[in-house]
Amino acid sequence: MYLRPLRKAWKRVGFRLTLWYSLIFITSSISFFLLTYLFLSSQLQAQDRKNIALKLKELTAAYELGGRPALEREIAVDKKFGESNPYFIRLAGPRGKTLLLIFPYQWVRMDLKALEKITSIEGLRWSALPLEDHRNQLEVASAPIDGGFLLQVGKSNKERKTVLRYYRGL
């Protein structure tokens, strides 16, 4: 008895077309949102990696010009002018021993054992370490420098996650 009006509506072509167009619109809207989310995520990751690689190149150039003192001066200048999202910087000797370690106080309890295992590489190598909150990661680029040393520069992905969380909330 209650289904009689629904059955009559279903027999009408206009009702069926409206239903099909609604389903197509909803499906395509969800697909569009997912694709733009994936695109935004990959672009933000690419931008973060580009910034890390640029900082690594900058510090490598400083080291090659004047050794460890020049590297430390470059880091001191960066600290003085205070970047909003600081970098993790590690200089390791030929056997993987840490010679210089700079990172923000928020990451004090971070486990560096995975980075210490990287001793000799060719070219650029990417690693990811979980931060103490276990929601964010430290993305680290490692590159060899003169004398068998290894320079590692990293940055938290917290800002990227914040932007993506905001986008998901829309």
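The values are calculated or read from the model by the stated rules, or taken from the named source; none is laboratory data. Values in this document were obtained by computation on a predicted structure and should not be read as measured data. Here Cβ is always computed from backbone atoms with ideal geometry, including for glycine, and neighbour counts include all displayed protein chains. Calculation scope for accessible area: heavy atoms of the full protein, side chains included, ligands and nucleic acids excluded. Shrake-Rupley method; radii C 1.70, N 1.55, O 1.52, S 1.80 Å.
Residues are listed down the side, and each one gets a yes or a no for (1) within 16 Å of ALA143 (Cα to Cα); (2) in contact with a helix residue (DSSP H, G or I) (Cβ under 6 Å, 6 or more places away or on another chain); (3) hydroxyl-bearing (Ser, Thr, Tyr):
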{"position": "LYS50", "(1), (2), (3)": "yes, no, no"}
{"position": "THR60", "(1), (2), (3)": "yes, no, yes"}
{"position": "GLY67", "(1), (2), (3)": "yes, no, no"}
{"position": "ARG73", "(1), (2), (3)": "no, no, no"}
{"position": "ASP78", "(1), (2), (3)": "no, no, no"}
{"position": "TYR87", "(1), (2), (3)": "yes, yes, yes"}
{"position": "ARG95", "(1), (2), (3)": "yes, no, no"}
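Scanning the stretch 67-110 for residues that are of a type in the set (Val, Ile, Thr), open to solvent by 20 Å² or more (accessible area, probe 1.4 Å) and within 21 Å of the chain's Cα centre (by Cα) yields a total of 2. Note on the stretch 100-148: residues that are in contact (Cβ under 8 Å) with a residue 60 or more places away in the chain and either touching an Asp or Glu at 6+ places or on another chain (Cβ under 8 Å) or among the aromatic types (Phe, Trp, Tyr) (or both) amount to 4. Put simply, of GLU122, GLU64 the only residue that is open to solvent by 80 Å² or more (accessible area, probe 1.4 Å), more than 19 Å from ALA46 (Cα to Cα) and modelled with pLDDT under 90 is GLU122.
Hey, could you check the stretch 39-61 for residues that are of a type in the set (Lys, Arg) and touching a residue at least 40 places away in the same chain (Cβ under 8 Å) and say which is surrounded by the most Cβ atoms within 10 Å (Cβ to Cβ)? By that ranking, first place goes to LYS55.
Would you confirm whether or not the stretch 144-153 contains a residue that is open to solvent by less than 30 Å² (accessible area, probe 1.4 Å) and more than 21 Å from ARG73 (Cα to Cα)? No - not one qualifying residue is present in the stretch 144-153.
Of the residues in the stretch 3-11, none is modelled with pLDDT under 95, open to solvent by less than 40 Å² (accessible area, probe 1.4 Å), more than 22 Å from LEU164 (Cβ to Cβ) and touching a Gly at 6+ places or on another chain (Cβ under 9 Å).
Put simply, of ILE75, ILE52 the only residue that is in contact with a Leu (Cβ under 8 Å, 6 or more places away or on another chain), farther than 20 Å from ARG168 by Cβ and assigned to a helix (DSSP H, G or I) is ILE75. THR36 falls short on exactly one of the conditions (1) within 23 Å of the chain's Cα centre (by Cα); (2) assigned to a helix (DSSP H, G or I); (3) surrounded by 14 or more Cβ atoms within 10 Å (Cβ to Cβ), and that condition is (3).
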